[in-house]
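A.B. asks: Got a structure for you, written out below as structure tokens; questions coming shortly.
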Amino acid sequence: MFANYLIGLREGLEASLVVCILVAYLVKTDNRKALTPIWIGVGIAVTVSLAFGAGLQFGTQELTFEAQELIGGSLSIVAVGLVTWMVFWMRRTARHLKAELQGKLDAALTMGTGALVATAFLAVGREGIETSLFVWRSVDAADDGWKPLAGCLLGLLTAVVMGWLFYRGALKINLAKFFTWTGGMLVVVAAGVLAYGVHDLQEARFLGGLQNKAFDISSTIDPSSWYGTLLKGIFNFQPDPTVLQVTVWALYLIPTLLIFLAPVGFRTSVRAKGQKATDEQAESAGHSGSDSDSAGRDGERVRDGARGAGDRPVGDQG
């Protein structure tokens, strides 16, 4: 339930902040007439997201077990890819999100109502689709689907309240830190979803190794206990994972988390230092080559002078 609350909170707050920035900018620039298309776009995005989630939930019930597992596993991988892209994108753009949105809104204002609707729809719809896909995966994996759904709804409600407070100026949020911490937690959650998706693909016989268990601690951690349920709800923990599940989990989690938690300018600074070292080496080589050429030219002048002196008569050397 906590994992889905986190998903609802983060995705909902991102959408709420986007809407707040759009609305505040239109009000500030005295373009209140453009608010209606913005709210229409938001309404369409919410409707499409709900329809997408309902289609996932009810559209797969009549399929065979293998087909359900194949679709579930494939969509789990898609969900992990979307969430991973989202957390990295938001960490990179959180500092200048406001300026970016205002630039897009200025362009939409010159193009008309349809562009305003599309701007709001795309800004909110992306988060809605990602949330529906991720929460559906959790609901499908849970024994009682209402808990993940309730957690997500609570997260969305909290996000709406925080967005309203943010708009009213009653709440100050350090967006960079907020999205860094929640993004790191979502990477951990996504690793569990990825491992569970691999297990679905193994059950669908798309991948092998279903009987090759990495370990089995079912006797130590009861999946039906409160702590077993908590671990499964937050990390998609499984007491008897396969070797392939553990391998994929580790290969995703460790490098992704290290890269995500690295300083924002780390890779840029490393590349800059490497380029600087290369330039210094090239410059040094150029100087060395110039010195060698100068020495060579000086030597040639000395030799030519010696030959010239030798060619002149002795009497002319005075």
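A.B. asks: Step by step: first the residues of region 31-57, then only those that are small (Gly, Ala, Ser) and farther than 9 Å from GLY125 by Cβ, then the one that is modelled with the highest pLDDT. Which residue is that?
C.D. replies: Only one residue fits best here, namely GLY43.
A.B. asks: On to the next question. Suppose we filter region 202-244 for residues that are closer than 25 Å to LYS147 by Cα, buried (at least 16 other Cβ atoms within 10 Å of the Cβ) and under 27 Å from the mean Cα position of the chain (by Cα); how many remain?
C.D. replies: 9
A.B. asks: Separate question: Is it true that some residue in region 241-252 is without any contact (Cβ under 8 Å) to a residue 24 or more places away in the chain and within 24 Å of TRP89 (Cα to Cα)?
C.D. replies: The answer is yes; a qualifying residue exists.
A.B. asks: Does LEU244 fit the bill of being modelled with pLDDT of 80 or more and closer than 22 Å to THR84 by Cβ?
C.D. replies: yes
A.B. asks: Could you run through region 28-53 and say how many residues are open to solvent by 40 Å² or more (accessible area, probe 1.4 Å) and either closer than 24 Å to LEU207 by Cβ or in a helix (DSSP H, G or I) (or both)? Before you say what the answer is, go through the steps one by one.
C.D. replies: We begin by selecting, within region 28-53, every residue open to solvent by 40 Å² or more (accessible area, probe 1.4 Å); these are 28-33, 36, 39-40, 44, 46-48, 50-52.
Next, only the ones that are either closer than 24 Å to LEU207 by Cβ or in a helix (DSSP H, G or I) (or both) stay: 28, 32-33, 36, 39-40, 44, 46-48, 50-52.
Qualifying residue count, region 28-53: 13.
A.B. asks: For region 21-67, what are the residues that are without any contact (Cβ under 8 Å) to a residue 40 or more places away in the chain and under 18 Å from GLY163 (Cα atoms)?
C.D. replies: Hits for region 21-67 are VAL27, LYS28, LEU35, GLY43.
The values are calculated or read from the model by the stated rules, or taken from the named source; none is laboratory data. Quick caveat: nothing in here was measured; it's all calculated off a predicted structure. No Cβ is skipped: glycine too gets one built from the backbone with ideal geometry, and neighbour counts run over all protein chains shown. Ligands, DNA and RNA are stripped out before the accessible areas are found, and what is left, the full protein with its side chains, is counted by its heavy atoms. Shrake-Rupley method; radii C 1.70, N 1.55, O 1.52, S 1.80 Å.
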